[in-house]
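To start, the structure itself, in structure tokens.
Nothing in this text is a laboratory measurement; each read-out follows from the coordinates by a stated rule. None of these values were measured; they are calculated from a predicted model. No Cβ is skipped: glycine too gets one built from the backbone with ideal geometry, and neighbour counts run over all protein chains shown.
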Amino acid sequence: MGIGRRDVLLAGVGLGLAVAGPRASAAQNDPDLPQGYCTHGIGPGGGAIDQTAMLQSAADAAARTGTPLFLPAGIYSTSKLTLKSGTRIEGMPGQSILRYRDGGALLSLEGVENVRLAGLVLDGDFKPLGERGSLLTATETKHLDVTGCRLIGSTEDGMVLRKASGWIKDCEIGDIRKAGLFSEDAGGLEIAHNHVRDCGDNGILVSRSEPGEDATIVAANRIERIAAAGFGSGQNGNGINVFRAGSVMVSGNRIADCAFSAIRANAASNCQMIGNSCTRLGEVALHAEFSFEGAVIANNLVDKAAAGISVTNFSKGGRLAVIQGNLIRNLFLRKTEARGFGIAVEADSVVTGNVIEGAPSYGIMIGWGPYLRDVSVTDNLIRNALIGIGVSIDPSAGTALITKNLISGAKEGAIRAMSGPTSIGPDLATASAETFGNVAVYANVAR
């Protein structure tokens, strides 16, 4: 039987499939290459060679073709890479390492959108990044997704975002000389489930160039060992620092071992600090200060701090707060600015349902000098304070209501009228407060 042209063609197709088939199958079965991804011709160089040009070409190809770039495990030595819209780069978690050479950043994004980074290690190798450098910088970037990455070894900041929106989640940011994560003028940003550690200035800093609504969500992060290498009186040394950014929600974070505050909100209206666990803080654990209107500080735990909660600076317009359901204990005095109070509040605020134990100065301090207006302090439990509740009776001070509080073991009085740091008159928990026209005290229990 003769062999026709059609049989030869079919045999050729079969041979082609037989040759191509195993290769395609091997590519799909490669455990280091997820289905639908491509290496775009790049592999690790062991850190010995400069792979900047090859990595840039591969990243550009990923953006152009829509095929995600996968970086197999290994070290890639690179200068700054500039990413385009639609770029997607993923690696083996903890094993695909981009190691910095020079250029002020490892990854840079500007005016782009829909960029996803996952499973990468951005290693600054403690090489000079230059002023305002960072391992990852994103400016005017929409829908940025950074998931499961590690940013380590930066001589400046870890991550700097300006006018960015998106998600930073499940990342580790550590061994950073300045701020772990700095965000300015965000447009819808969520920072969640990250581990931020060993930073020189701040852990997470949410800021705006001018006061305004920001609405960033900072939730369920673990933040620890934050120093104040940049010094100052509170702008550094904080686990979470909110500056001029309104409507920021800070919830469910675990914050420990900070030189200053666990959470500090400066000129940040409508900030909520809810359900955070804070321990070993060198200054006020939870602080709302300067020109803000609106703060909710609720259901937090503070253990070991120079002070628990401070809502202050009525002189600068700071006012309007709810402080409710917090547990504050084991406070201490500092060598400078003694502190040692559980809660301090000044204007247009309710303090209710809190438990304070072990305050070497005041359990609750209401106002300071003339800076007091419309404060209600009710249903709190205060144990083992020097003075349970202190209230300013300055002639210019406004009204304070103190009722239904239980105060136990106050060494120098359960409720005392205060002229600055000096207590005046008898214990108001057991004597009449009628001589002080701005204070209403009744139905408290002291023992």
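Brief remarks on what is shown
- A protection proxy built from the mean count of other Cβ atoms within 10 Å ranks the segments 342-349, 437-444, most packed first, as 342-349, 437-444.
- Degrees separating the helix 5-29 axis from the principal Cα axis of the chain, which is the longest one: 30 degrees
- DSSP-defined beta bridges in segment 116-446 - what % are antiparallel, rounded to 5: 5 percent
- Sequence ranges 69-78, 197-206, ranked by mean other-Cβ count within 10 angstrom, highest first: 197-206, 69-78
- Proxy reagent accessibility, fewest Cβ within 10 Å first, across THR141, THR82: THR82, THR141
- Relative frequency of Cα-Cα separations exceeding 32 Å in the chain, percent: 47 percent
- Label zone at ASP50 (point 7 Å along Cα-to-Cβ), backbone N below 11 Å, segment 101-135: 101-103
- Rounded to the nearest 20, the Cβ-based charge dipole of the chain about its Cα centre (Lys and Arg +1, Asp and Glu -1) stands at 520 debye.
- Burial order of peptide ranges 301-308, 406-413, 256-263, 281-288 (average beta-carbon count within 10 Å, highest first): 281-288, 256-263, 301-308, 406-413
- For ARG150, residues with placed amide H under 5 Å, excluding near neighbours: LEU120, VAL121, LEU122, GLU172
- Cα centroid separation, segment 162-234 to segment 129-146 (Å): 12 Å
- Of the residues TYR76, PHE231, LEU151, the one whose Cα sits farthest toward the positive end of the charge dipole of the chain, with +1 on the Cβ of Lys and Arg and -1 on the Cβ of Asp and Glu, is TYR76.
- Excluding same-chain neighbours fewer than eight residues apart, the lysines reachable from LYS163 by a Cα-Cα span under 26 Å are LYS80, LYS84, LYS142, LYS178.
- When the Cα gyration tensor is reduced to axis lengths a ≥ b ≥ c, the ratio a/c stays below 1.5 for segment 182-325, which is therefore classed as rounded.
- Only one residue of LEU286, PRO360, ILE343 has its Cα farthest out toward the positive end of the dipole of segment 116-446, where Lys and Arg carry +1 and Asp and Glu -1 on Cβ, and that residue is PRO360.
- For segment 250-319, the alpha carbon positions stretch 30, 21, 13 Å along the principal axes, listed from largest to smallest.
- Here's the list of aspartates and glutamates a cross-link from LYS335 could span, going by alpha-carbon distance under 17 Å and ignoring same-chain residues fewer than 8 apart: GLU283.
- Computed over the chain, the per-residue total of -39500 (n - 2.57) for DSSP H runs of n ≥ 4 gives a 222 nm mean residue ellipticity of -3000 deg cm²/dmol, rounded to 500.
- Selection among THR399, ASN241, SER310 by position relative to the dipole of the chain gives ASN241 as farthest towards the positive end (Cβ unit charges, Cα centre).
- Between the Cα long axis of helix 52-65 and the first principal axis of the chain there is an angle of about 90°, rounded to the nearest 10.
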